[in-house]
Amino acid sequence: MSISSVKQKDITKLSANSQADVLRSIPGITAEGGGGEVGANVFVRGLPSGGQYQFNPIQIDGMPVLGTFGLNSSAHDVYFRNDLGMRSLEFVRGGSSILYGVGSVAGIINYTSVTGSAQPKTTLRLETATNSRYKADFVTSGPLGAEDSDLFYAFSGFYRYDEGPLKTGLTTRGFQLRGNIKKVFENGSFTLSAQAIDDKVQFFLPYPLEGGSRERPTGNDGETIYTLQTAAASDFSYLTPNGMYRSPIDDGVKTKGGYFLANYIYNFEDDLKLDAKLRYSKYQHEFNFFLDGSGLADANVVETQAEYLAARNLSSGEFTYLNGEALASDALLFENRVLDRDRPIQELMADIKLVKAIDAHTFTLGSFMSHSEADDVNFITSYLSEYNDRPDLIDVSGYTVNGITNRGASYSNRSVISNKIAVYLADEIRLDKWNFDIGFRYERASGDVKIEGTESYEVDNTGIANIDNVMWGNGSYTRGHVTADGFAVALAALYKINDAYSVYGNFSKGYFFPELRSISFDNLGNPSSYKPENIVQAEAGLKYGKGKLSGTVALYGVSLTDRRSITFVNTDDGGATEQVDIQDSETFGAEVTWNWKFIKNLALGGSFTYQDHQLTKSEGNPEFEGNELRRQPNVLGTANLGYNNNKIDASFIYNYTGEKYSNDANTILLDAFGLASLNLGYTFTMSENLETIRLGARVYNLFDSQGITEGSPRMANNQTEEAFFVGRPVLPTRLFLSATFNF
């Protein structure tokens, strides 16, 4: 298989804006981090998705952050953060990962935690960055008890306060603590791990850029607009049928809760081992963010005052700031929406396997089970602002109240219960020159979905329809139940030509259960459809490793059928709805990776991926057949020049993302762009005990690239090139400084 890994020393040196910064240099991955620390969009080898880790889940210590996909649209990285307690990161690409554990169809991102040893170790890192970022990070580990103790601990965590990377007046702040205690006994071990997180992160969405150039625009005040998000929206509140509602938009993406994970390993004899994991997690989670415009079909995304009145059939109106001061007559306006999502979730999951060695065979028999419960309650509020960086709110006489143009513009309430059980059997055969793998998996999934009905309620008497009436839940529910079965098979072989060369190949036929949040039901509770999406993958390659040079060359193909493609699309009333299209797609690609240590302490690493992909079926839009997949580039590349002599370390990393289409219609082409980062460090040895201090600096987006990662996802195929283009640029240049103490 194709495997990439990142060691602890490299994770420790990395000051990252987001999970995307960690994953961006891994071959075959398109990682978009323009939204900030969380909600990274990650795409793998030409598979179409919304980007939220659908085909490649994040795991910690072999257990997924989420055991069920599609309870809501929150990305997996909202439930945990990287910290110094990560021992390594490994990404396994390819379909064979469907066999084990949660059953990932395209690969697994697995973080392994530090565990204690007989040697006590502590690392402390202090970090600051431009735009008022401050972070303290630590990990400590060692034995519990005397020198010959068989009980060990590891404890890590961080606290972080951040007013950037884009200054909105709303802050990112919070902490995470993780730890484990490991008991080692004669025939195995028992490890108990836990996490506690209480964190609030600001999330950035696309906003109107200059049409044509797609560069950051200039506001009414002549200053560059970096964000149209504003702290003024944090005061939104209004009456509803359930009482006073206050928007939690100032909390951003809020995650509070944690997990417990127990891992029991027992060796019955030399050739039989039990490995059992049980994890319980519970989070109070909110995903509150600003959208990318009014969503109104008849309104421009940025409007003059005359255009604003005409689009809403208003004969007249005075435009003022909330303090009563008149707005300049030539000032442009931007009407936007706040989307508040309340998403509590709890899960119980288990992965139990027996491993038995018989001669050249190693058999693995296992079972994965999960029970998940989640709510997904959504509120949309519309408001009017000036067209400036971090804008002030604007009132229109007879149409708004405190800048709000539509109270309760949209409401939805969905509850989902998911149950999964899978069994798998695999055999690894090791011969002199050959390795063979064969495996099978059967899984049954069921879901219960409850959807609340909505209607308009009159809650005020101002005489303004959008203010007096709110869309809210009416207490009536549609309930439905779905079940589906999936079967997977994976085959792989490797032939060792000599000590330097090996050739390998693998084939898999897997499945992906549709997201439960996307399933609709009739009044009798019958689902529109619920059957597995089928994925076939194949890869063949050459691995080389000798002396100063190592690398791989691979060809691969991916076919996906009956894909339930989900798109959030604006509705004419300022809300948003989910559109589902059943699609087939195929991708063929070639990938090269290398690492060349051409001079002592100096190495050049990198990768290059080319992929040709297309939609082969679209039930809702047959005219899209033959088009390229949205948000998937044809070309990906990365280059890393690194130097390290144990005192001075330096690296220059360049990531290239080729051009790609923003939508299935292939009418919005996003230009190729590159992101460069520079890392520098100097390590002082403080004593004979090898206590060290490393002073480090990192510049993210060294050349301040203005590359666009996506267009407006909610305009979908309706987006056009006008005076303004709604898109999300990569985050601007940011300087990080750090001091890391090891003792």
Within region 716-728, can you find the residues that are open to solvent by 10 Å² or more (accessible area, probe 1.4 Å) and within 14 Å of Thr227 (Cα to Cα)?
Arg728
Please go through region 538-563 and pick out each residue that is farther than 30 Å from Lys597 by Cβ and either hydroxyl-bearing (Ser, Thr, Tyr) or open to solvent by 20 Å² or more (accessible area, probe 1.4 Å) (or both).
Ala538, Ser559, Thr561, Asp562
When every residue in region 246-262 that is in a strand (DSSP E or B) and open to solvent by less than 30 Å² (accessible area, probe 1.4 Å) is compared, the one farthest from Val201 (Cα to Cα) is Ala262
Before we move on, is Tyr495 open to solvent by less than 50 Å² (accessible area, probe 1.4 Å), part of a strand (DSSP E or B), in contact (Cβ under 8 Å) with a residue 60 or more places away in the chain and hydroxyl-bearing (Ser, Thr, Tyr)?
no
Scanning region 273-291 residue by residue, those crowded, with 20+ Cβ neighbours inside 10 Å and either over 24 Å from the mean Cα position of the chain (by Cα) or without any contact (Cβ under 8 Å) to a residue 40 or more places away in the chain (or both) turn out to be Lys277
Give me a count of the residues in region 444-492 that are touching a Phe, Trp or Tyr at 6+ places or on another chain (Cβ under 6 Å), open to solvent by 50 Å² or more (accessible area, probe 1.4 Å) and under 17 Å from Ser372 (Cβ atoms).
1
Please enumerate the residues belonging to region 587-603 that are more than 28 Å from the chain's Cα centre (by Cα) and either within 15 Å of Thr667 (Cα to Cα) or open to solvent by 60 Å² or more (accessible area, probe 1.4 Å) (or both).
Trp596, Lys597, Phe598, Ile599, Lys600, Asn601
Here are some conditions: (1) touching a Leu at 6+ places or on another chain (Cβ under 7 Å); (2) over 19 Å from Arg45 (Cβ atoms); (3) at pLDDT 95 or above; (4) open to solvent by 40 Å² or more (accessible area, probe 1.4 Å). Ser502 meets all but one. Which one does it not meet?
(4)
What strands (runs of 3 or more DSSP E) completely inside region 66-133 contain at least 2 residues that are without any contact (Cβ under 8 Å) to a residue 40 or more places away in the chain and out of contact with any strand residue (DSSP E or B) (no Cβ under 8 Å at 6 or more places or on another chain)?
none
Quick one: Asp199 ticks every box in (1) part of a strand (DSSP E or B); (2) more than 21 Å from Ala374 (Cβ to Cβ) except a single one, so which number is it?
(2)
Check region 123-132 and report whether any residue there is of a type outside the set (D, E, K, R) and crowded, with 22+ Cβ neighbours inside 10 Å.
no
What are the residue pairs meeting all of these: first residue in region 630-656, first residue part of a strand (DSSP E or B), second residue acidic (Asp, Glu), Cβ atoms under 7 Å, and 6 or more apart or on different chains?
Tyr643/Asp649
Residue ID - farthest from Leu228 (Cα to Cα), chosen from residues in region 170-186 that are more than 22 Å from the chain's Cα centre (by Cα) and open to solvent by less than 60 Å² (accessible area, probe 1.4 Å):
Val184
Considering only region 223-245, state which residues are open to solvent by less than 50 Å² (accessible area, probe 1.4 Å) and not in a strand (DSSP E or B).
Ile225, Thr227, Leu228, Gln229, Thr230, Ala231, Ala232, Ala233, Ser234, Phe236
So is Gly626 among the small types (Gly, Ala, Ser), at pLDDT below 95 and either surrounded by fewer than 21 Cβ atoms within 10 Å (Cβ to Cβ) or within 29 Å of Leu99 (Cβ to Cβ) (or both) or not?
no
Among Asn634, Asn621, the single one that is of a type outside the set (D, E, K, R) and in contact with a Lys or Arg (Cβ under 8 Å, 6 or more places away or on another chain) is Asn634
Looking at the structure I just gave you, is Lys200 touching a residue at least 40 places away in the same chain (Cβ under 8 Å), surrounded by fewer than 20 Cβ atoms within 10 Å (Cβ to Cβ) and under 19 Å from Pro732 (Cα atoms)?
no
Complete set of residues in region 680-720 that are outside any loop (DSSP other than H, G, I, E, B), of a type in the set (Val, Ile, Thr) and over 24 Å from the mean Cα position of the chain (by Cα)
Thr683, Thr685, Thr692, Ile693
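The values are calculated or read from the model by the stated rules, or taken from the named source; none is laboratory data. Source: prediction; values computed, not measured. We place every Cβ from the backbone using ideal geometry, glycine too, and count neighbours over all the protein chains shown. Just the protein is used for accessible areas: all its heavy atoms, side chains included, with ligands, DNA and RNA removed. Shrake-Rupley method; radii C 1.70, N 1.55, O 1.52, S 1.80 Å.
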